[in-house]
Amino acid sequence: MTKELRVAIVGGAGFMGYAHSLGWALAPIANDIGGTVRKSVLVDADEDRAASSAARFGWDKWSTDWREVVTRDDIDIVDITTPPDSHAEIALAAIAAGKHVIVEKPITNDTDDAFAMVQAAEKAGVVAHVGFNYRHTPAVTFIKRLLDDGTLGLPLQFRGHYLQDQRLGRVELSGWRSKKSAGGSGVVGDTGSHIIDLAEYLVGDVVRTNALARSKAPGTDVGWAPEADRVEQDLLEDAALWLAEFDNGAIGSFAASMYSAGRKNRLFFVLETTLGTVEFDWNHREEVKISLKSDPADQEGLRTIVLSDQHEDIWWPVGGMGTGYVDGTAILFQRFVRSIRGEDVPAADFADATHVQQVIGAVMESAQTGNWVDVERRTR
């Protein structure tokens, strides 16, 4: 295999294209990944945006034709950051051309399309991952290690939320994010998918759920819109609560909202286990709070561990130097590249992301019916 992997990014002129461009620049210099990465082509539908973004974000070339780009012989990886309803078409074309593919979350808004993507990737033998970058945060990796080595025992209860204040007038969602018909996922598929992925990564598969979801009509100061209005106006849900049962018997509760004043990208969870408790807050992502059953009686209570180079994927020799959003994206890409090179890495592949999408579908079905909804168990 060539030491250099050449990347094309589709949808590269937007917010996630910017984040991925920074991640691809950082990934090969922050850690040894066994070769180099070349940012070859940035694709965007708008010619001016494609040209200016390629120059600003450090891509060799630009294009407005993703169909031509994903079939090029000089492209090894296709990175897809377009709206979710276009993921399947682009990914399937790239896979058919023999490219490795990484897709922004959610994998797609349609579960049938997601299954088709899984089958195509498996048949073609290409590596296909999804951009659940928060699971690659070093603090989360550390918690996963404590579970795998038995320090925490068995999971009992997961309580997680992902809260933002974007719909309080400071940032109005527009374009494809504002309507389901335009490819938007709503808060459950957009930010909620991250907390579902984290829960399944740490605890196991969700097998059933019961949910409530609500929307606000744009431009109003009243409470939640009636459900009939939400359907008629094609409103995406702005907030949701749901309960879950995992395949190992553990239980969970989740919340996601765009109407949480003062909450700035607050992804937070507590995991209680047979041997202890761990707590993580993205706003304090250099820290893990932990309490173990084995702690001396006079030292009981949550204590704070500050991550350092003693923890995986911390690149600085001094603890507390900082690990941010781009760092997590770079770790995501490093593991993707290592997977292409044949290493067994902890990453969300298309099958993982498809199960997350099944959970999202069950949450939304339950929100409409008021009933518990089963989630299909994985076959592998």
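Report the calculated FRET efficiency for Lys123 and Asp74 (r = Cβ-Cβ distance, R0 = 22 Å), to the nearest 0.05. Calculated transfer efficiency: 0.40. Test of understanding: in a Gaussian network model of the chain with alpha carbons linked when under 10 Å, which of Ser257, Ser366, Ser52 would top the mean-square fluctuation ranking? Highest fluctuation of the listed residues: Ser52.
At the residue level, Lys99 shows approximately 10 square angstrom of accessible surface with a 1.4 angstrom probe and all protein chains present.
Accessible surface for Glu232 stands near 150 Å², nearest 10, in the context of the full protein assembly shown (1.4 Å probe).
Electrostatic tally near Ile143: other residues with Cβ closer than 15 Å to its Cβ, Lys and Arg +1, Asp and Glu -1, net -4.
Assign one of three labels to region 275-362, namely rounded, prolate or oblate, based on the Cα gyration tensor with a ≥ b ≥ c the square roots of its eigenvalues; rounded applies when a/c is under 1.5, prolate when it is not and a/b is larger than b/c, and oblate otherwise. Let's see the in-between values first.
Working: a/c = 2.24, a/b = 1.42, b/c = 1.58.
The shape class here is oblate.
Taking other residues whose beta carbon is less than 11 angstrom from the beta carbon of Ser40, and scoring Lys, Arg as +1 and Asp, Glu as -1, yields 0. At 1.4 Å probe size, with the rest of the protein present, what percent of the exposed accessible area of the chain is carbon and sulfur atoms? It is 49 percent, rounded to a whole number.
Shape summary of region 58-117, radius of gyration then Dmax from alpha carbon positions: 11.5, 36 Å. Please work out how much accessible surface Lys264 shows to a 1.4 Å probe, ignoring ligands, DNA and RNA, in Å² rounded to 10. Roughly 120 Å² of Lys264 is accessible to a 1.4 Å probe. An oblate overall shape is assigned to the chain, the ratio a/c of its alpha-carbon gyration tensor axes (a ≥ b ≥ c) being 1.5 or greater and a/b not exceeding b/c.
Rg to Rh for region 1-128: what is it, with Cα atoms only and Rh by Kirkwood?
The Rg/Rh ratio comes out at 0.95.
Take the Cα radius of gyration of region 258-320 and divide it by 2.2 N^0.38 Å, N being the number of residues; the result is 1.34.
Could you check what % of the DSSP bridge pairs in the chain are antiparallel, to the nearest 5? Walk me through the numbers on the way to the answer.
Working: 40 of 68 bridges.
Beta bridges within the chain, antiparallel portion: roughly 60 percent.
A 1.4 Å probe run over the chain, with the rest of the protein chains in place, finds 43 Å² accessible per residue. Spin-label pair Ile305-Leu243: with each label point 7 Å from Cα along the Cα-Cβ axis, the two points sit 3.2 nm from one another.
Less than 5 angstrom separates the built amide H of Thr36 from those of Glu4, Leu5, all sequence-distant by 5 or more or on a different chain. For the chain, the tally of Lys pairs with Cα-Cα distances below 16 Å comes to 9, considering only residues 8 or more apart or on different chains.
The values are calculated or read from the model by the stated rules, or taken from the named source; none is laboratory data. As the structure is a prediction and not an experimental result, all values here were calculated from the model. A quick note on method: Cβ atoms are made from the backbone with ideal geometry, for glycine too, and the neighbour counts reach across all protein chains shown. Keep in mind that these areas ignore ligands, DNA and RNA; they rest on the heavy atoms of the full protein, side chains included. Shrake-Rupley method; radii C 1.70, N 1.55, O 1.52, S 1.80 Å.
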